[in-house]
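To keep things clear, I will list the structure first and then write my remarks on it.
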Amino acid sequence: MTVYAPEPRLMGRREFIAGAGVAALGLAVLGRGAFTAAEPFTRTAILDRIGETFRVAAGPAEGAVVRISEILELPFGAVADVENQFLLRLAGVAGPELAQDTYEFATESFGRVALFITPMSEPGAAVASYDAIINRFVPSGGTP
């Protein structure tokens, strides 16, 4: 089986601080039940879909398209659940550059998914890059 995830890399202070804020907001959004996936949104399921596109489903950026480019391990050390705690990296494909915010994405495999994304590329870069930290709590023996 081919694994598409790159080797882990060190994360800079700016990325760490931005990631911590994204994680907190993402957990708040997911905790409100905004996360409605047709298929479980786990690390393994996403690894199988590297390259799949997500389209912004509503709002001013409706129609903007990003694709799954990679999955990275979180740098926080003791991640308890690697299937439900990871960094999802998206690359801009079409449409406007997206600002840091929560967007509802329509996806082929996962249905509609609300993700808080943070732009990681410089404004005006040839390809925009976005990070979303997935940090779902799954009760022991339960479903999210």
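Laboratory data are not the source of any read-out in this text; all were calculated from the coordinates shown. Source: prediction; values computed, not measured. Positions of Cβ are generated from backbone atoms using ideal geometry, with glycine treated the same way; all protein chains shown enter the neighbour counts.
Table for the structure above
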read-out: Estimated vicinal HN-Hα couplings, Hz - the range 50-56 in sequence order (Karplus 6.51, -1.76, 1.60; Gly, Pro = x); value: 4, x, 5, 9, 10, 10, 4
read-out: Loop chymotrypsin sites (Phe, Trp or Tyr not before Pro), the range 74-131 (other Cβ atoms within 10 Å of the site Cβ: 14 or fewer; DSSP); value: F76
read-out: Charge context of P119, other residues only, Cβ under 11 angstrom, K/R +1, D/E -1; value: -4
read-out: Estimated dipole of the range 64-135 in Debye, rounded to 20 [Cβ of Lys and Arg +1, of Asp and Glu -1, Cα centre]; value: 120
read-out: Charge dipole of the range 35-135 about the Cα centre (unit charges at C-beta), most positive-ward option of L74, F105, G63; value: G63
